[in-house]
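The values are calculated or read from the model by the stated rules, or taken from the named source; none is laboratory data. None of these values were measured; they are calculated from a predicted model. Glycine gets a Cβ as well: all are built from the backbone with ideal geometry, and neighbour counts include every protein chain shown.
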Amino acid sequence: MTCKKCSRPLEDGFVFCPWCGVRQLPAPPARRKRGNGQGTVIKLANGKWKAVITLGYVTDPEGVKRRRTRTRTFVKRSDAITALVTMRDPDTRGHTSTLSELWAVWSVSPDFAKLSVSQQEKMGFAWKHLAKIGYRRIADLTVASIEDWLDDEFTAFYPSRDAKVLLSHLYDLAIRRDEVTQNRTRDVRLPLPTPKARRECWTDAEVASFRSAYMDGDRIAGYILVMCYTGMRFGELYALRLSDIHLEDGYAVGGEKTDAGRDRQIPIGPALVPVVSWLSQGRRERLLEMNRDNFYTAYRETVARCGARPLPPQTCRHWFFTSLTAAGVQPGVIAETGGHASFSTTMANYVRTPLSAKLAAVSALPPIES
């Protein structure tokens, strides 16, 4: 055997020439390598082979970048290598969207736009919680995992219910996109709600304290009076645009929730006109141009400063209905003014008849002893 370069004699079996260093045996065939993004094959401890492809990357709420992968296990390495091609094919890999991807589509869809302002806000608040698991694929969720997450995330029934409703909307979108076949939220059980307490109503003295604070230049007291004297919910006040206020004609256009309450004429009485006119000064688009959280903070401070009980803004609507009922306004007019389809809703949920009125009513009964 001689060196194929320098022709010096070599012993059989030499791989390299000791004088010129040239390799004497044929080089082994180069191992085929897959390019970046084509997947990889890993041998497992049990002797099987796992094919892995990367679908993409998402960032979790802690800012950590996480890789989304799809895997399949095979007995033979050749089968795993062959499967990499079909696993990456979008028509056969069964890719489903993450919750974040579905929210990005649904939150700008016509279905979302059809919701009332109040419902849109509820879905937005629910998403702030759901975004914590926004990197998860909707197909990977199970009924048990959804119930466990709701139990861990919420302590009250209604926020938990809103999150379930939002998740149901995302499931419906994924079904229309043929990414999943069933809406798992239909089997999710929520804890029973606590009994709903009967809400209280402002007293006339408390409303008088708000009028006094408004006269002293308190803008928040002015907004409280607007809700008291129109029966508007806070969400309706928050969404009210200046272009929808017609003080010269004594009304505004607004409202939410039901067909009877949405986009209704909201009467603005003579006593309230100067309040709305003053609150409108310096505003650009809406009567109330404050962050919701800032308003609630200022609202609680104003209520405390006026010496009133710490009741929510909805109490203003209760005072509105109760006062109109006590003044003898026809029930149909009261219901339509407040955006209710029937007076039974108004009476059952908003009117608070004082004990003195009840005693006066029963005192009109004939005496038992003559």
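Worth pointing out:
- Test for residue 63: is it at positive phi and out of contact with any helix residue (DSSP H, G or I) (no Cβ under 6 Å at 6 or more places or on another chain): yes
- Qualifying residue in region 79-95 (condition: under 12 Å from the mean Cα position of the chain (by Cα) and either part of a loop (DSSP other than H, G, I, E, B) or more than 17 Å from residue 54 (Cα to Cα) (or both)): no
- When region 315-333 is filtered for residues that are under 22 Å from residue 224 (Cβ atoms) and touching a Phe, Trp or Tyr at 6+ places or on another chain (Cβ under 6 Å), the ones remaining, listed by number, are 315, 318, 319, 321.
- Of the candidates 240, 225, the single residue that is closer than 23 Å to residue 315 by Cα, among the hydrophobic types (A, V, I, L, M, F, W, C), buried (at least 20 other Cβ atoms within 10 Å of the Cβ) and over 27 Å from the mean Cα position of the chain (by Cα) is 225.
- Residue among 135, 158, 171 that is touching a Pro at 6+ places or on another chain (Cβ under 9 Å), buried (at least 16 other Cβ atoms within 10 Å of the Cβ) and not assigned by TED's automatic domain parsing to the domain that holds residue 236: 135
Matching residues to (1) on the phi > 0 side of the Ramachandran plot; (2) modelled with pLDDT under 70; (3) outside the structural domain of residue 228 (by TED's automatic domain parsing):
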site: 320; (1), (2), (3): no, no, no
site: 326; (1), (2), (3): no, no, no
site: 331; (1), (2), (3): no, no, no
site: 335; (1), (2), (3): no, no, no
site: 339; (1), (2), (3): yes, no, no
site: 349; (1), (2), (3): no, yes, no
site: 360; (1), (2), (3): no, yes, yes
site: 363; (1), (2), (3): no, yes, yes
site: 366; (1), (2), (3): no, yes, yes
